[in-house]
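The values are calculated or read from the model by the stated rules, or taken from the named source; none is laboratory data. If you're wondering where the values come from, they're calculated on a predicted model, not measured in any experiment. Cβ atoms come from the backbone with ideal geometry, glycine included; neighbour counts cover every protein chain shown.
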Amino acid sequence: MRRTEELTLRVAATVVDVLPNGHLRIEGTQEIRVNFELRELLISGIVRPEDISRQNEIPHDKIAAARISYGGRGQITDLQQPRLGQQVLDALLPF
């Protein structure tokens, strides 16, 4: 089974800390339901105030120490990555 996805999102993040040098530590999450799947995007990192645009936006490549996680759970994810018990049964009883 092959699966491809292309995702373009804007994520709202909040400032959770102001560092001594004036840089901002940000965190944000977003959940999207797509075809019986719950897709979750998590982002955190450090930004310089001067990199934030007048529209209050910043591109992902301007986030230092960026941690970006994208995943999901639901029917398709369960088929692609079965639970551990199902993996054991598939190994013992492949047919």
Check: Applying the selection to segment 19-57, what residues are more than 21 Å from residue 71 (Cβ to Cβ) and touching a strand residue (DSSP E or B) at 6+ places or on another chain (Cβ under 6 Å)?
Finding: 23, 24, 25, 46, 47
Item checked: Test result for residue 41, under 11 Å from the mean Cα position of the chain (by Cα) and closer than 19 Å to residue 61 by Cβ -> yes
Check: From the residues in segment 21-72 that are closer than 17 Å to residue 10 by Cβ and in contact (Cβ under 8 Å) with a residue 40 or more places away in the chain, which one is surrounded by the fewest Cβ atoms within 10 Å (Cβ to Cβ)?
Finding: 57
Check: When only residues in segment 22-33 that are hydrophobic (A, V, I, L, M, F, W, C) and out of contact with any helix residue (DSSP H, G or I) (no Cβ under 9 Å at 6 or more places or on another chain) count, which is modelled with the lowest pLDDT?
Finding: 32
